[in-house]
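The values are calculated or read from the model by the stated rules, or taken from the named source; none is laboratory data. Source: prediction; values computed, not measured. Every residue, glycine as well, gets a Cβ built from its backbone with ideal geometry; the counts of neighbours run over all protein chains shown.
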Amino acid sequence: MGFPSPAMDYIENRLTPESICGINSNSLIIETSSGFAVVERGSKPKTGDYVLVSWLGHNYFARPAGRALITEDGEAIEGEALDDVEVIGVVTWLVNRALDDEAPVM
């Protein structure tokens, strides 16, 4: 009862990882050694994108380069070895842990 508060015009939505990273039903959140990676399963990878792939029973982060995939450690997956690779999705966000940082910024 009464009139609405003028302060209602200045209320903002709370920031959440879902709203910042655009997480939806096609997204995967993968824990990494330095934090988390958000992987979009519905996106088609392009040259230069960071992708999550499954190869020989392990998951790897890699970048497509022509007809090859270059993993984080510099190994190239190419030729017939690509037959065993399954591209899971494109990495859209990398979120680093703040608590484990040895050089925090204030």
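Within the stretch 3-23, residues that are under 24 Å from Thr92 (Cβ atoms) have Cβ atoms under 7 Å from residues that are aliphatic (A, V, I, L, M) and outside any helix (DSSP H, G or I) in these pairs: Pro17/Ile23; Cys21/Val38; Ile23/Val38, counting only partners at least 6 apart in sequence or on another chain. Across the stretch 1-19, the number of residues qualifying as of a type in the set (S, T, N, Q), part of a loop (DSSP other than H, G, I, E, B) and under 30 Å from the mean Cα position of the chain (by Cα) comes to 2.
Taking the stretch 20-70 as the region of interest, the strands (runs of 3 or more DSSP E) fully inside it that hold 3 or more residues being over 13 Å from the mean Cα position of the chain (by Cα), surrounded by fewer than 16 Cβ atoms within 10 Å (Cβ to Cβ) and not aromatic (Phe, Trp, Tyr) are 58-65. If the condition is being more than 14 Å from the chain's Cα centre (by Cα), modelled with pLDDT of 85 or more and of a type in the set (Gly, Ala, Ser), then the stretch 72-106 contributes Gly74, Ala76, Gly79, Ala81. Taking the criterion of being aliphatic (A, V, I, L, M) and either more than 15 Å from Glu75 (Cβ to Cβ) or modelled with pLDDT under 85 (or both), the residues of the stretch 33-61 that qualify are Ala37, Val38, Val39, Leu52.
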